[in-house]
Each structure stands twice: as structure tokens, then as C-alpha cells.
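Novice: The structure is given below, and queries will be raised subsequently.
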Amino acid sequence: MTHSIAPGRFAVPGPLRDAGFWADWAAAVGLVALVVIFSLASPAFLSEGNVRSMLVASAILVVLSVGQTFVVLTGGIDLSVAAAMTFGAVLFGLGISRGWGVVTCGLLALVGGGLVGVLNGLLIGKGRITDFVVTLGGLSAASGAALVVADGKPVTVVNVSLLKLATGGVGMIGWSVLIAAAVAVVAHVVLFRTRWGTKVFAAGGSAEAAAAAGISVPAVKVAVYTLCGVLAGLAAILLVARVGAAEPAVNTSFLLNSVAAVVLGGVSLTGGRGSVLGPVLGALLLTALANGLTLLGVSPYYQPVAVGVVVVAAALLTRFRK
């Protein structure tokens, strides 16, 4: 049996009429739209050098967003992620400036970021204090610790291995991009192919039901905040390699953009639903947006406004998700 379409009407596929579909795929659709718009507006947007620059710039945000995703999946939020990255960057930079090995300094950065995460997780999971309050305090404490350790001065980092990390790679894919991609792949496997990943979703979906099933929700909370802190430490290494210095002042745009990437990626802010691919695409979208506006000569003061509009639009779509 065939079905005819009334003249003058266009049959829209069922999924496309569902606002929930657009909420889940907002990052992918938005990224494609931005690529088309900016490539038409500026021929330099899709040039090899600019694409490589965007990918390298997005690597740091991708790593932070993956860590933030684990936290949000449990129904929480980490406001200290940028400060943890700054603290790890300062420890890493000071170690390099003292002649320590890159591996040793890298471990120091991971431990520094992880320490912030552990403290957050213990206070939230075991202490049962609201995540907003704890991580806001962590933001302040880690920011202050970074300033104290660095004596309020930027730490210049000169190292051959870090220079290779920042400039080397395979073709137009830099090493930092490959590291970020590896983090995303491992995170996806952990979330969707391991029992611990199931516990993360369960803890965010319903803490009471998870506890009834024998899952230690406080232990899961400690683990995800610790993981977020460790990934902030890894992002710190990529940041120092990229800029060649460890700046003790916190760049809050990384915090805001990590949350924005998660929202754009379709992860439920109440927990229990989400993916890793979505936030990764969200991070790429935000990087492409900033880069495209810069190429078009738009003042950087307007860029946060554009990001805010995009994120709020994505958040509105989530209201219609089934």
C-alpha cells in the first residue's frame, strides 16, 4: 500500500518533529551549521592551519568536559574544575622550572588536580554537603593555593618535550588532540562497557534505587569527583604545553565552557542520562564558535554573549526531552 502526500505539504520524519531529538543532537547539528556558515563567511576558516589550531585549542576543553560529564551524570556539578587545572598547571610549571623530569611533573599535576577532586568528593559523598557549596569552596581554595604556590607570578616553562607536544602530531592532528580523543574513547568504554559505568548512571538516575540495589552512592560520588580532578590535571599539562607558561590566575571561561559543552551535549543536569560524544561535540562547537567570530572580526566581548545564547537555547530544548 502506498501513501500519498497532500499537495503543498512536506512530510517531516517523525524524529525531526520531536524536540527531544534536537536536544540530544544539538551539538552535532550546531557544529555542522557553524562550519557551513563560517566557511562561507571566511575562506580561512577551513584552512589546514586554522583547523589544526581549532583542534588543538579544543583539546583542553574536551578533557575538562569529559571529567565534568562524569560528575553531571551523577546529578552533581564541579565548579572547581578550572581552579583544579590552574593548581595543577602551577605545580607542573614550577617542577619544570626546577629541572625535574616531564613525567615527574606530569604526575605532580595529576596529583594536584586529583587532590582537589578527592576533597570535593569526600565532602559531597561522605559529608553529604551540597555539591554547589563544596565545589564553590574548592574553586576559591584551589585558586588561592595556586596563587600562594606561584607567589602570584606566572611561571615560564621552556622544555623541548612540551614544545613537541604542543607543535607535533600526525598530519594536521596534534598530539594534544590525540590525547583528548584517547580520553574520550576510554571514558565512553568505561561508562557503557563496565559495571562501574552502570553504577554512575544508576547513582544519577535514582540514588535511592541505586542504594537499594547495593550500590554505594557516596563511593561513586568520591570516584567521579576524583576523576574530574585528575582530568583537570591532565588538561593543565596540555594548557602549559600550549601557552608555554603556567598562569596562577584562574581562567573561569574554562569552567563555564566545560558546563556549556555538557549541556550542549545533551547530558541531563539532573543526572542519569547522557553520553561522552555529545560533550565532545559541544566542546568542538564552542571552540569553532569563538574561532569563527574572531575571524569575522567580532569583538571578544561579544563572544561570551554568543556562548550564553547557544547554551540557553540548548537548555530550553532539554525541557522537551522524553
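The values are calculated or read from the model by the stated rules, or taken from the named source; none is laboratory data. Treat the numbers as computed from the prediction; the structure is a model and nothing was measured. No Cβ is skipped: glycine too gets one built from the backbone with ideal geometry, and neighbour counts run over all protein chains shown.
Novice: Has segment 251-264 got at least one residue that is more than 19 Å from the chain's Cα centre (by Cα) and buried (at least 18 other Cβ atoms within 10 Å of the Cβ)?
Specialist: Just the residues of segment 251-264 that are more than 19 Å from the chain's Cα centre (by Cα), to begin with: none.
No: zero hits.
Novice: In addition: Can you go through 177, 185 and tell me which one is β-branched (Val, Ile, Thr) and either crowded, with 19+ Cβ neighbours inside 10 Å or touching a helix residue (DSSP H, G or I) at 6+ places or on another chain (Cβ under 9 Å) (or both)?
Specialist: Residue meeting the stated conditions: 177.
Novice: Can you find a residue that is modelled with pLDDT of 90 or more, closer than 15 Å to residue 68 by Cβ and not β-branched (Val, Ile, Thr) anywhere in segment 286-308?
Specialist: So far as segment 286-308 goes, yes, one or more of its residues are modelled with pLDDT of 90 or more, closer than 15 Å to residue 68 by Cβ and not β-branched (Val, Ile, Thr).
Novice: I'd like the full set of residues that are over 13 Å from residue 71 (Cα atoms), assigned to a helix (DSSP H, G or I) and over 13 Å from the mean Cα position of the chain (by Cα), limited to segment 219-250.
Specialist: If the condition is that a residue be over 13 Å from residue 71 (Cα atoms), assigned to a helix (DSSP H, G or I) and over 13 Å from the mean Cα position of the chain (by Cα), then 237, 238, 239, 240, 241, 242, 243 are the ones that fit.
Novice: Something else now. Report the residue count in segment 93-130 for those that are touching a strand residue (DSSP E or B) at 6+ places or on another chain (Cβ under 8 Å) and either more than 18 Å from residue 234 (Cα to Cα) or in a loop (DSSP other than H, G, I, E, B) (or both).
Specialist: 1
Novice: Right, next: Test of understanding: among 269, 281, which residue is surrounded by 22 or more Cβ atoms within 10 Å (Cβ to Cβ), in contact with a Gly (Cβ under 9 Å, 6 or more places away or on another chain) and of a type outside the set (Lys, Arg)?
Specialist: 281
Novice: Right, here's the next one. Here is a list of conditions, (1) in contact with a Ser or Thr (Cβ under 8 Å, 6 or more places away or on another chain); (2) at pLDDT 95 or above, and residue 226 meets all of them except one; can you say which number that is?
Specialist: The one condition residue 226 does not meet is (1).
Novice: Any idea which of 290, 315 is closer than 30 Å to residue 206 by Cβ, out of contact with any His (no Cβ under 6 Å at 6 or more places or on another chain) and not basic (Lys, Arg)?
Specialist: Criteria check complete, one pass: 315.
Novice: Given (1) surrounded by 24 or more Cβ atoms within 10 Å (Cβ to Cβ); (2) farther than 22 Å from residue 186 by Cβ; (3) in contact with a Ser or Thr (Cβ under 7 Å, 6 or more places away or on another chain); (4) hydrophobic (A, V, I, L, M, F, W, C), where does residue 90 come up short, assuming only one miss?
Specialist: Among (1) surrounded by 24 or more Cβ atoms within 10 Å (Cβ to Cβ); (2) farther than 22 Å from residue 186 by Cβ; (3) in contact with a Ser or Thr (Cβ under 7 Å, 6 or more places away or on another chain); (4) hydrophobic (A, V, I, L, M, F, W, C), the lone unmet condition for residue 90 is (3).
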